[in-house]
Amino acid sequence: MYDLILRGARFEDAVADVAVAGGRIERISPRIQEGGGREIDAGGRLLSPPFIESHVHLDTTLTAGDPRWNESGTLFEGIQIWSERKRSVTREDVISRATELLRWQAAQGVLHVRTHVDVTDPDLTGLKAMLEIREKVRGWTDVQIVAFPQEGILSYPRGTELMEEALRLGADVVGGIPHYEHTREMGAESVRESFRLAEKHDKPIDIHCDETDDPESRFLEVMAAEAIRTGMGQRVTASHTTAFGSYDNAYAFKLMGFLTKAVINFVANPLINITLQGRYDSYPKRRGITRVKELWQNGLNVSLGYDDIMDPWYPLGTGGMLQPAHMAVHACHMTSREEVTACFDMVTENAARTLGLEGYGIAEGGPASFVLVDAPDKWDALRRLATTTLVVRDGEVIAEARPAEHRLMGETVTFQRGTEGLGDFVGQGSGSGERTERG
Ligand code: 17E
Ligand code: FE2
């Protein structure tokens, strides 16, 4: 007797039943005869491991307009507004906003979240609040905390000490922001400092690196050199790296060679960087996004983050991970069939590698944590920014949603493409997702 059976889920080009017991996936098979405590008709929908947020700022989320709006739209005005807002941050304020955002994300199937938290604050208020949240939400979402020095490690008073204190209190990952240190020498030194801290505390690294259109911002090469020297490659992540989109090709090609030796991870945040960058250009305007397609073509691990939801850097957002993937399709020219599918993987499998997750994926014997997406495949999920209709965590249904139903002159419009790949997909309306409870 199983606890839960999912009937007719699309998984790896086949339609299968999935049986769950004791929080684990017991069987995946074209047809499971036995019954389950609860049966859910997947209606041919895509079965995916949970979505992963590999880069977000939960301490700043849901503050847009407070104390003021970002009029220039630049990264630097965002940092200035946050440094003003930061003075009135309290534990309760951070707990309420960050928890709300984690609820928005979990409701959309995002069950692993890496958040950067600003530690350039003598009281570490945001960090301490986030450590509490990480424990409080453990039953339904996994949070990794990056000690992120928004105003610099070497340029902010006692910056290194605050980083150490954050790690001692329980931050999971060492951050950095070399392009915002006062000089390029301090920037390079701050990267080495992040690596020293990571080695000392045995933690992974995730650095905001070269988040500027300045083609002279070259701290990624320092990260690559340190990753090669320490052998930490797979535990190292370079976030943003938008200057890579502005480098001269002669330099970019040389750098790509070093990166393939360093084997570090990359996180691009296409929603935010298409918005924040290019602000000092007139026309033509740069996209201000790292070389996602070329990194991916060179076999490097690239994932995508949301970065901001309603804060000084970005006024919009819901935290659903198909949105940054959708933007990557456009802004990174990832439009071939294979490339669109790769963008879906950048908010699931690739992000799991960035976060160093173990046991992620859908397999017999593995944890029963998965989502159903209202589409027959990854490509179509992105095309329609499809709704996540079911979220299961360790065998428990934690979230459900109904896709919007559109009626035109009395008939349902489904937005389904009439081509291959639909198979048994039932789509909107027609009772899919209905449940039967059995004893
Ligand atoms: N801080 C920063 O340095 N860069 C960003 N993109 C955000 C905060 C959101
Ligand atoms: Fe960021």
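A few remarks follow.
- Trypsin sites (Lys or Arg not before Pro) restricted to DSSP loop in the range 30-68 with at most 16 other C-beta within 10 Å: 31, 68
- All-pairs Cα distance distribution in the chain, expressed in whole percent, bin size 10 Å: 5, 21, 31, 24, 14, 5, 0
- Qualifying GluC sites (Glu not before Pro) in the range 11-70, where qualification requires a DSSP coil assignment and no more than 11 other C-beta atoms within 10 Å, comprise 12, 34.
- Based on the convex hull around the alpha carbon atoms, the range 8-122 presents an average projected area of 10.9 nm².
- Other-chain or far-sequence residues with amide H under 5 Å of residue 153's (modelled H): 177
- For the chain, a Gaussian network of Cα nodes joined below 10 Å ranks 332, 343, 209 by mean-square fluctuation, and the top entry is 332.
- Think of each Lys and Arg Cβ as +1 and each Asp and Glu Cβ as -1; about the Cα centre, that makes the dipole of the chain roughly 360 debye.
- 3J(HN,Hα) along the range 324-338: x, 5, 5, 5, 4, 3, 7, 6, 9, 6, 9, 9, 5, 4, 5 Hz, from the Karplus curve 6.51 cos²θ - 1.76 cosθ + 1.60 with θ = phi - 60°, whole Hz, x for Gly and Pro.
- Residue of 79, 207, 264 that the Gaussian network model of the chain assigns the largest fluctuation, springs spanning Cα pairs under 10 Å: 79
- Projected area, mean over directions - the range 226-279, Cα convex hull, nm²: 4.2 nm²
- Residue-wise HN-Hα couplings along the range 356-363, as the Karplus relation 6.51 cos²θ - 1.76 cosθ + 1.60 with θ = phi - 60° gives them from phi, are x, 6, 10, x, 7, x, 10, 7 Hz; Gly and Pro carry x.
- Residue by residue, the range 247-252 carries 3J(HN,Hα) couplings of 5, 4, 4, 4, 6, 4 Hz when phi is fed to the Karplus relation 6.51 cos²θ - 1.76 cosθ + 1.60 (θ = phi - 60°); x denotes Gly or Pro.
- A P(r) calculated from all alpha carbon pairs of the range 289-346, with 5 Å bins opening at zero, reads 4, 19, 29, 23, 13, 8, 3, 0 percent.
- Helix 184-201 axis, angle to the chain major axis (alpha carbon atoms, nearest 10°): 60 degrees
- Note that the range 107-235, at 20 °C in a medium of 1.002 mPa s, gets a Stokes-Einstein diffusion coefficient of 143 µm²/s from its Kirkwood radius over C-alpha pairs.
- Histogram of C-alpha separations across the range 181-300, 5 Å bin width, %: 2, 12, 22, 24, 20, 12, 5, 1, 0, 0
- Acute angle (nearest 10 degrees) that the helix 75-86 long axis makes with the longest principal axis of the chain, alpha-carbon atoms: 90 degrees
Every number in this text was worked out from the coordinates using simple rules, so none of it is lab data. None of these values were measured; they are calculated from a predicted model. Cβ sites come from the backbone with ideal geometry, for glycine too, and all protein chains shown count toward neighbours.
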